[in-house]
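The values are calculated or read from the model by the stated rules, or taken from the named source; none is laboratory data. It should be emphasised that the depicted structure is a prediction, and the values quoted were computed from it without experimental measurement. FYI the Cβ positions are ideal-geometry reconstructions off the backbone, even for glycines, and counts take in every protein chain you see. What goes into the accessible areas is simple: the full protein's heavy atoms, side chains included, and nothing from ligands, DNA or RNA. Shrake-Rupley method; radii C 1.70, N 1.55, O 1.52, S 1.80 Å.
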Amino acid sequence: MPVEIPKDKWTGKTWEITLGATVAEGGTRTRTITIGGDTTMPFMHFETPTPHAPVIAIEIKDRKPEDWSPLLGEAWGDAMKDPATWAKAAESAGADLLVLWLTLDDTTDDAVKSVKGVLNATGLPLVVFGPGQVEKDNELLVAVSEATKGEKLVLGICEDKNYRTIVATAMANGHLVSARTPMDVNLAKQLHILISDMGMTHDRILMDPTTGALGYGIEYGYSVMERLRLAALQGDAMTQSPMIVTPGFETWKTKESKVGTGVPEAWGDWKERAINWETLTATALLESGASIVVLRHPESVKRVRIAITELMTA
Amino acid sequence: MALSGIQIYKLLPQTNCKECGFPTCLAFAMKLAAKQVELSGCPYVSEESKVQLAESSAPPVRLVTLKGVGTEVKVGNEVCLFRHEKTFYNKTGIFVRMKSSQADIAAAVAKVEAYKVVYVGMEFTLDGYAIEADDPAKFADAVKAVRSATKRPLILISKDPGVLSTGVAVLSGETPLLVGADATNWEGMANLAAQTKAALAISADSLDGLTDLSEKIKAKGVEDIVLDPGGKNLSESLARSTQIRRLALKNFRPLGFPIITFPCKAGDSVRESLLATQSVAKYAGFVVLDKFSPELLYGLLVLRENIYTDPQKPIQVTPGLYEINAPKTDSPVLVTTNFSITYFSVANEVESSGLPARLLVVDADGMSVLTAWAAGKFDAERIAKAVKGFDVESKITKKRIVIPGHVAVLSGELEEELPGWEIRVGPREAVDLPTFMKQVLN
Ligand code: B12
Ligand code: SF4
C-alpha cells in the first residue's frame, strides 16, 4: 500500500522582495537578489518548490572594529581597515550581498563616502545599518539614502522607538527597510503595521525577528521564526516579510567564539569551535525560516553555502 | 493520536446501563476522550475493544529505550512538529562510531568517556557508541573491547544477522540497537531482534519501503523499531524526516517510531556537522557521528539542549551568590535574575573584563530582568530576600549592591527593605558594566 505523503496546503505566501537595482533599474548594481515568495515551511519542496534560495550576507564595518575576535582579524587582515577593500574581499569570499554597519564616529560625509566606496568596489546589493543610536542613525542614514537614490539599498535598523525617519527617507529615495523587534510575534506585526501605515509597500520591508546565538537564546529566535512563518502561510499579511537574521553578530560576541585561552579544554579547538558556533546557529535559523543570514567569518560562509545548496536540491 | 468521543463510543457496549456512573455510554466516551476517567470504569468493554483503545492511546512516536550496563537512553514519545506547540521531550541520543577493524578501540572509547562539558551549570556527555562490523571476524572482540571501556548503550551495525549475533551475544541483559536491516535481509534481522529483545533500525529509500518493512518486522514480534530515512542530501533527509513525523502525528502506526540519522556517512566533517545540526533540530531520535570532535560536539550538545528546552520553562541558573574573578571583601555585588541568558550576559561581561565581583542571582522564575519585573517576580522584596538568604553580608565589608539600570525604579523600595545598605543603579546593558565598575564604583 503506497503511503500518502502528507502535504500542507497553505493560503498565504511571503513577499517576494528584490534587493539592489541595476543600471537599467535606476541603480548601479551588477546583480540583484530576490528572496521570499515562499508558500511552504522551509525547504518543503515536495509541496511546492521553494522559489528563491536563502542568501548569505557578509557583515562589514566602515571602520576597523576594535572589539572583534582576533580570529576575524586573522581572516580579513588589512581589508578591515577600508570598507571598499573589505567589501571586495567579502565578495570573493562568496557573499551574495553585504551588510555595512556605520559607526558612531562617522560624520555624514564619512558615511556617504564609505557607502559610495563599497558600491563602487562591488556590484552586490547592499544593506546599510546605522550605529544604533537614534539621532546618529537618522542623521547618517538620511544622508546615505539621499546620496544613493534608486540603488534599492536596505536601510536599518527600524525599531519601534525609531523608524519614522528611516522609513520616510527610504520611501523618498527608492530604498527598502529592515524592521527589528525583540523575539515576539505580536511586536513584529505591530512594527510592520506602523511602517506600512506610513505608506511603505510590503515588498520593501524586511523582518528581523532578532535572534540569539547558540547557547544564548537561539531557541526563542528559532521558535518565533517558525511561528512567524506559520502565521504568514496562514495568511496574516503582517508577518509575510522575508526574515533577515544576524547569527554572525550574535555568535561572535559569545565567549565560545571570542576567547581562545583560559577556557575549558572540552570546548575543543578555538577556531573550529567558533566557526561551528556560527555555522550551526545559521543552519538552524535557515531551517526555521531565514531568508538572509548575515555572517562574519569566510569559512562559515563556505559551510553555510553548502547547507543552502543541499537544502535547495529538490 | 487519541480517538474522538464518538470513535470511542462505537467501541463501547452502547447499552447505557449507567454502571460507570454516567447516564449514557456516549457521556462516558466523552469523558474518556477528555482523559477524565479510566476505561476500567466500564465493566462491560470487550477484550477486542480494550486492545483497540489501548493502541489508540499509545503515543504517536513510540518511546524506545536502549539499555547499556545500568545506563539507558530514551528517545521518542514526541507529540508535536514544532517545539512551540508543546515541547520536544526526549533529547536526541548522540553516538560516536567505532569500527571493528580499528586498532586499540578501547583506548579510543576511553578518550570519549573522559569527555564532559558544562553549559549553564549542566554537565553534558555523549550518549553511547555505534560499532560497525567493517571487519566481521573482529566484531565480537570489538564489542567486548568497547564494553570493557564504557557502560553506555550501544548500537551495532552490520547487514549480516549472523555477524550481529556475535556482537549481541556479548551484551547479555542489555538492549542494544541493531542497524542494517533492509528489504534484502529483514527476516534474519527481525528474528535476531525478536530473540534478543534488541531494538531494530530499518532503512529503505522511500516511505513506502519503510512502511512495508516496519509492518513485516512488527509481525515478527519486534516492538522497538527505529527508522532510517536515508536521503542523499540535507533536503531529502529533511523532507523524509518531516513526513515521518507528520504521519506519526496523524497516528500512522507503521511510521510511529523514532528516527536515526548517520552524519558519520556524510563524507566530510563539514557535511557531517550540517546533517547533525539539522537532525537535532528536525526530529532525529539518534544521531551517529563519525568521530569524536569536541569542537563540534560542544555546539551540538548546546543546540540539543536549546531545542529541547521546554518553551514554557526557560533554562535557569540556580539562584545564589556567584564569585567572578576572585572577588575580595570590598568587590562590588551585582544583582541579576536567574534567567540563564540574563545571567550569562552579565557574567560573561564581568568575567571578560577581568574585574572581580559577586553576582547575586535572585530567583525570578527564570525570567529576564524586565520580563520578571513586569510579572512581579523581581521586586525589592525578592532582592532583599536573596541578600539575606544567601548571607551576602558575611562575605563582604562594603554593604553596597548594584541593581540593573532597567529596574532603577526599585531603588527606593529596596532602601527600605535593606536598611544600612547602599543601593546603586547600574547601567541598563551588561556591556556597559565594566566601564561602570571602573569609573563609577571607584
Ligand atoms: C523574551 C521576552 C519574554 C519571554 C520570557 C523570556 C524570559 N525567560 O524571560 C516571554 C514571551 C515569556 C515574555 C513574557 C512577558 N513579557 Co516579555 N519580553 C521578552 C523580550 C522580548 C526579551 C527579554 C530578554 O530575554 N532579554 C534579554 C535579557 C538578557 O535581557 P535582561 O534580562 O534585561 O538583561 C540585560 C540587562 O538588563 C542587563 N542586566 C541584567 N542583569 C543586570 C545586572 C546589573 C547589575 C546590570 C548593571 C545590568 C544587568 O544585562 C543584560 C544584557 O544587556 C522583552 C523585550 C526586550 N527587548 O527586552 C520583553 C519584555 C521584557 N516583556 C515585557 C512584558 C510586559 C511581558 C509580559 C508581562 C507580557 C504579558 N502581558 O504577558 C510577560 C510576563 C511574563 C509572565 N507573566 O509570565 C515588557 C516589559 C515592559 C516593561 N518595561 O515593564 C518587555 C520589555 C516588552 C515590551 N516592550 O513591552 N517576555
Ligand atoms: S458502564 Fe459501560 S456499558 Fe454501562 S453505560 Fe457506562 S459505558 Fe455504557
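A few remarks follow.
- Cα pair distances in the range B:41-177, grouped into 5 Å bins until the bin that holds the longest one, percent each: 2, 9, 15, 16, 14, 12, 10, 9, 6, 4, 2, 1, 0
- Share of pairwise Cα-Cα distances greater than 16 Å in the range A:96-168 is 40 percent (whole percent).
- For the range B:51-78 and the range A:190-252, distance of Cα centres in Å: 37
- Over the range B:107-188, Cα pairs under 8 Å with separation of 6+ residues give a relative contact order of 27 percent.
- Mean separation of Cα pairs under 8 Å and 6 or more residues apart, divided by the residue count, gives chain B a relative contact order of 11 percent.
- q = 0.13, 0.14, 0.19, 0.23 Å⁻¹, the range B:66-140: log10 I(q)/I(0) [Debye, one scatterer per Cα]: -0.57, -0.64, -0.96, -1.14
- Per DSSP, loop trypsin sites (Lys or Arg not before Pro) in the range B:212-308 with at most 11 further Cβ within 10 Å: B:Lys232
- In the range A:1-99, the GluC sites (Glu not before Pro) that fall in loop regions by DSSP, at most 12 other Cβ within 10 Å: A:Glu4, A:Glu66
- Cα centroids of the range B:130-201 and the range B:336-370: 47 Å apart.
- Separation of the alpha carbons by more than 26 angstrom is noted, of B:Lys91/B:Lys265; A:Lys61/A:Lys152; B:Lys74/B:Lys138; A:Lys136/B:Lys377, for B:Lys74/B:Lys138; A:Lys136/B:Lys377.
- Pairs of lysines in the range A:185-314 whose Cα atoms sit within less than 21 Å of one another amount to 6, provided the residues are eight or more positions apart or on different chains.
- Surface composition of the protein assembly as shown: carbon and sulfur atoms hold 51% of the protein heavy-atom accessible area at a 1.4 Å probe.
- Each principal axis of the Cα cloud of chain A was taken in turn, and the coordinate range along them, longest first, works out to 67, 54, 36 Å.
- Counting only trypsin sites (Lys or Arg not before Pro) that DSSP places in a loop and that have at most 10 other Cβ atoms within 10 Å, the longest clean stretch of chain A runs over A:162-314.
- Looking at chain B, the DSSP beta bridges with both ends there are about 25 percent antiparallel.
- Entry comment: accessible area of chain A is 36 Å² per residue, from protein heavy atoms only and a probe of 1.4 Å.
- Threshold 40 Å², the range B:301-324 residues less accessible with all protein chains present than alone (1.4 Å probe): B:Leu303, B:Asn306
- The range B:47-153: trypsin sites (Lys or Arg not before Pro) in DSSP coil with no more than 13 other Cβ atoms inside 10 Å: B:Lys116, B:Lys151
- Expected-Rg normalisation [2.2 N^0.38 Å, Cα atoms] applied to the protein assembly as shown: 1.05
- DSSP beta bridge pairing in the protein assembly as shown, given as percent antiparallel to the nearest 5: 20
- Under DSSP loop assignment and at most 12 Cβ neighbours within 10 Å, longest GluC sites (Glu not before Pro)-free interval of chain B: B:39-442
- Normalising the Debye intensity of the range A:212-268 to I(0), with uniform scatterers on Cα atoms only, and taking log10 at q = 0.24, 0.27, 0.28 Å⁻¹ returns -0.94, -1.05, -1.08.
- Prolate/oblate/rounded call for chain B, Cα gyration tensor, a/c under 1.5 rounded: oblate
- Alpha-carbon radius of gyration plus Dmax, which is the widest Cα pair, for the range A:154-220 in Å: 12.4, 41
- Considering only the range B:75-177, percent of DSSP beta bridges that pair antiparallel, nearest 5: 25
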